[in-house]
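Provided herewith is a single structure, encoded as structure tokens, for subsequent inquiry.
The values are calculated or read from the model by the stated rules, or taken from the named source; none is laboratory data. None of the values given here were measured: they were computed from a predicted structure. We place every Cβ from the backbone using ideal geometry, glycine too, and count neighbours over all the protein chains shown. Side chains are part of the model used for accessible areas, which takes the heavy atoms of the whole protein and leaves out ligands, DNA and RNA. Shrake-Rupley method; radii C 1.70, N 1.55, O 1.52, S 1.80 Å.
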Amino acid sequence: MFERLSRVPLTTVMTVMVIVPVVATIAGVLMVSGFMFTPMLNAALMACVLVGLVTVPFSIMLGRAIARRTMWEREAESARRQLVAWISHDLRTPLAGIRAMTEALEDGVVAEPGEVAVYAKQIALEADHLSKLVDDLFQLSRITAGALNLTLHDVRLADVVSDVVAASRPVAAREGVELRADAREWPVVRGSEPELMRVVRNLVSNAIRHTPEGGSVAVQVDVDGPDAVVRVGDGCGGIPDDVLPQVFDVGFRGTTARNPSGAGLGLSIARGLVDAHHGRIGVQNHGPGCRFEVRIPLR
């Protein structure tokens, strides 16, 4: 019986819980009065009907609200478990590599100076990966908890983009990707330079990582009405339309066009930081890939 009740929609349950007492009250009043429809009985029945007309719609609204909240909590819990599983995997992988290389050094399996240097460099790279992952988790936790306090000042957005592009050129060259930047305007926004740099850096690094060798990544700064705009276009091959709304979800790792990599936190962090600047971020398929667009209100 309880299993069957668990399948009944919550809105229906709430409505029945309100209707049953009202109907029972009406039936009780009729039985006590002996079905003698006196003015007092008519007044009592009218009062019961009015109570039902008020409480039933309210119970339906309340049931729907509780059902939506319950569904949201279930989806949030599912997303949290999935994120924990992904993060656990991403933490175990570099840790396993560090442990294996450390044991090889301790056991003397690797003794040649050249090999030792290679192992040391690889351990440093894996440790850096872990540090970035922990930093992403900390930043995301601050955003979701509403504890992100920004120190705002005037920021030249084109300077932010040029610094990120200059730092990303070696990575793009190593991947065989052409990285281009173009500033049509030199807008000034009110924001936090480190956070804005992080947004652009996340978008540019994602674009380079998902663009095949021989492709290109274009970064453009412009002004559109009251907004400063940064556009980052890549050559990933595009994102299916049904997946586009999920791109900024926590833990999103891509599709067949964008190979899964990383913890899937970068775009979620970028959206949170843009929201903190009262801006907007979006994505659409464009040309040989997709184009991310960040809009920040002008100063």
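Being under 14 Å from residue 273 (Cβ atoms), assigned to a helix (DSSP H, G or I) and not aliphatic (A, V, I, L, M) is the filter here, so list the residues in region 172-199 that pass it.
Scanning region 172-199 gives 193, 194, 195, 198.
Then there is this: Where residues in region 136-151 are open to solvent by 70 Å² or more (accessible area, probe 1.4 Å) and not β-branched (Val, Ile, Thr), which of them is modelled with the lowest pLDDT?
Across region 136-151, the extreme among qualifying residues is 145.
Report, by residue number, each residue of region 192-204 that is open to solvent by 40 Å² or more (accessible area, probe 1.4 Å) and closer than 15 Å to residue 294 by Cα.
193, 197, 201
If a residue must be assigned to a loop (DSSP other than H, G, I, E, B) and either open to solvent by 30 Å² or more (accessible area, probe 1.4 Å) or within 20 Å of residue 268 (Cα to Cα) (or both), how many such residues does region 212-225 contain?
4
Is region 179-197 home to any residue that is touching a Phe, Trp or Tyr at 6+ places or on another chain (Cβ under 8 Å) and on the phi < 0 side of the Ramachandran plot?
No, the conditions are met nowhere in region 179-197.
Hey, another quick one. Go through region 154-191 and count every residue that is open to solvent by less than 10 Å² (accessible area, probe 1.4 Å) and small (Gly, Ala, Ser).
Of the residues in region 154-191, 3 are open to solvent by less than 10 Å² (accessible area, probe 1.4 Å) and small (Gly, Ala, Ser).
In addition: Across region 123-161, what is the number of residues that are under 25 Å from residue 97 (Cα atoms) and free of Cβ contacts under 8 Å to residues at least 24 places away in the same chain?
8
Can you confirm whether residue 151 is out of contact with any helix residue (DSSP H, G or I) (no Cβ under 6 Å at 6 or more places or on another chain), among the polar types (S, T, N, Q) and assigned to a helix (DSSP H, G or I)?
no
Which one is surrounded by the fewest Cβ atoms within 10 Å (Cβ to Cβ) among residues in region 85-135 that are polar (S, T, N, Q) and over 25 Å from residue 195 (Cα atoms)?
Step by step, filter region 85-135, then rank; the result is 88.
Does region 266-299 hold any residues that are part of a strand (DSSP E or B) and open to solvent by 20 Å² or more (accessible area, probe 1.4 Å), and which are they?
280, 281, 282, 283, 284, 285, 286, 291, 293, 295, 297, 298
When you go through 33, 88 one by one, which is the residue that is at pLDDT below 75 and in contact with a Leu (Cβ under 6 Å, 6 or more places away or on another chain)?
33
Would you say residue 70 is open to solvent by less than 60 Å² (accessible area, probe 1.4 Å), in a helix (DSSP H, G or I) and either at pLDDT 75 or above or of a type in the set (S, T, N, Q) (or both)?
When the stated conditions are applied, residue 70 passes them.
Does region 108-140 hold any residues that are within 17 Å of residue 87 (Cβ to Cβ) and among the hydroxyl-bearing types (Ser, Thr, Tyr), and which are they?
Across region 108-140, the qualifying residue is only 131.
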